[in-house]
Amino acid sequence: MLLKEKGYKLTEQRQIIWNIMMESLGEHLSTKDIWEIARKKDHTLGVATVYRTLQIMDELGMVTSFDKRDELNKYELNTEGKSSVHPHLICMGCEKIIDVAENLLISESIVKIHNKYNFEIKDIRVKCYGICAECAGKTIK
């Protein structure tokens, strides 16, 4: 596991958090969501451990964090098969996160940047903030 490769201990609690992320593939979980699930497996696991572990996993590229501004961050597992280019639409009304399957020509830009600057991009995080159709419908009525 990448944690060990980067010099971090793979504690039982970190393994529980990793397993939760693996079991929640494609979902966007808050720190609180992860902590509540983890507590069912280890009642001694503290929320601070979840925060620290997720921060480490985010820094290592194992998960992607979504800044929820005044609320808890949400996290999504990064998988080997998934492109690092994974745009998201984040509703400012209901805070729903929508995965965008298309890379929106970002791959073409990566090639241009690589060719012009001889720079290999490892990660791009595209987060578009706006209002989803459901919330937009609520404001019209």
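Read the figures in this text as sums done on the coordinates, not as results from a lab. Predicted model only: the values in this text are computed from it and were never measured. Neighbour counts are summed over all protein chains in view; Cβ atoms, including those assigned to glycine, are modelled from backbone coordinates with ideal geometry.
Amide H contacts under 5 Å for CYS132: MET92, GLY93, CYS94, restricted to partners 5 or more places along the chain or on a different chain, H placed in the peptide plane at 1.01 Å from N. According to the Kirkwood relation over distinct C-alpha pairs, the hydrodynamic radius of region 88-137 is 12.7 Å. Among beta bridges from DSSP that stay inside the chain, the antiparallel ones total about 65%.
Ordering PHE119, PHE66 from the fewest to the most neighbouring beta carbons within 10 Å gives PHE119, PHE66.
Note on region 1-79: along the principal axes its Cα atoms extend 32, 27, 21 Å, ordered by decreasing extent.
Highest mobility in the GNM of the chain, judged by mean-square fluctuation with C-alpha springs under 10 Å and restricted to LYS127, LYS116, LYS40, is found for LYS116. Model label points for TYR8 and LYS138, set 7 angstrom from Cα along the Cα-to-Cβ axis, are 3.5 nm apart.
Pick from SER107, SER24, SER65: which residue has the top mean-square fluctuation in a GNM of the chain where Cα pairs under 10 Å get a spring? Residue with maximal mean-square fluctuation among SER107, SER24, SER65: SER107. Under conditions of 10 °C and 1.306 mPa s, the chain yields 94 µm² s⁻¹ as its translational diffusion coefficient, taking Rh as the Kirkwood radius over Cα pairs in the Stokes-Einstein equation.
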